[in-house]
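Every read-out reported here was derived from the displayed coordinates using simple, explicitly stated rules and does not represent laboratory data. What you see is a predicted model; the values in this text were computed from it and never measured. Virtual Cβ from ideal backbone geometry, glycine too; neighbours counted across all protein chains shown.
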Amino acid sequence: PRRYVFILVFSLDNRDSFEEVQRLKQQILDTKSCLKNKTKENVDVPLVICGNKGDRDFYREVEQREIEQLVGDDPQRCAYFEISAKKNSSLDQMFRALFAMAKLPSEMSPDLHRKVSVQYCDALPKKALRSRKLLRAGSGGGDPGDAFGIVAPFARRPSVHSDLMYIREKASGGSQAKDKERCVIS
């Protein structure tokens, strides 16, 4: 079974980003409700909300009581962390909490990963991606099982909104289900 986890991040000094996180959280909960109605299963969707720029002294546009209201009072369903992406503070704790909520192995936590070399895919011939040459040449002659990263600078990632629409479409039986009740994303 697939597991979906969400990390929603807003800037503590930007009300618009907070309001966008509010909208996204509602869309996620609506999608969860739709899935539960369609599949008759209790869909567990771990959600972490992060207030970024916790390292800076500035006027905060989002009040603590607003954050507490958004998060709610069930830490098993939604957790909040004030983080600093710049200083890498509280990120490890946030990922550990998210993985615990999702019942994922703690080994997946980024703080347990070791550094891997990054190669740009534009510089690599397609044959190298299909063969083991990349592994031997990529990380300085490391083990064939070593991890490596490839950066695709112009890769397009669908939005959370389009991902949620895809999940709802799958839950409602795809495009062949014209007469069935549809989930509507507003």
**Prompt:** In sequence order, what are the phi-derived ³J(HN,Hα) couplings for region 19-35 according to the Karplus relation 6.51 cos²θ - 1.76 cosθ + 1.60 with θ = phi - 60°, rounded to whole Hz, with x for glycine and proline?
**Reply:** 5, 5, 5, 4, 5, 5, 4, 5, 4, 5, 5, 4, 5, 4, 4, 4, 4
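Using 0.36 nm per residue of separation minus the Cα-Cα distance, give me the extension gain between residue 65 and residue 165 in nm, one decimal.
Working: separation 100, 0.36 × 100 = 36.00 nm, distance 3.09 nm.
In short, 32.9 nm is gained.
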**Request:** Pull up all non-local amide H partners of residue 9: gap of 5 or more, or a different chain, and H-to-H distance under 5 Å with H placed in the peptide plane.
**Result:** 50
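How much length, in nm to one decimal, is gained on full extension between residue 96 and residue 44, taken as 0.36 nm per residue of separation minus their Cα-Cα distance? Don't jump to the answer; show the numbers that get you there.
Working: separation 52, 0.36 × 52 = 18.72 nm, distance 1.71 nm.
Using 0.36 nm per residue and subtracting the Cα-Cα distance, I get 17.0 nm.
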**Request:** Would you please give the residues with an amide H less than 5 Å from that of residue 89, counting only those at least 5 places away or on a separate chain, with H modeled from the backbone geometry?
**Result:** 84
**Inter-site label distance for residue 30 and residue 7 at 7 Å from Cα along Cβ, in nm** = 2.6 nm
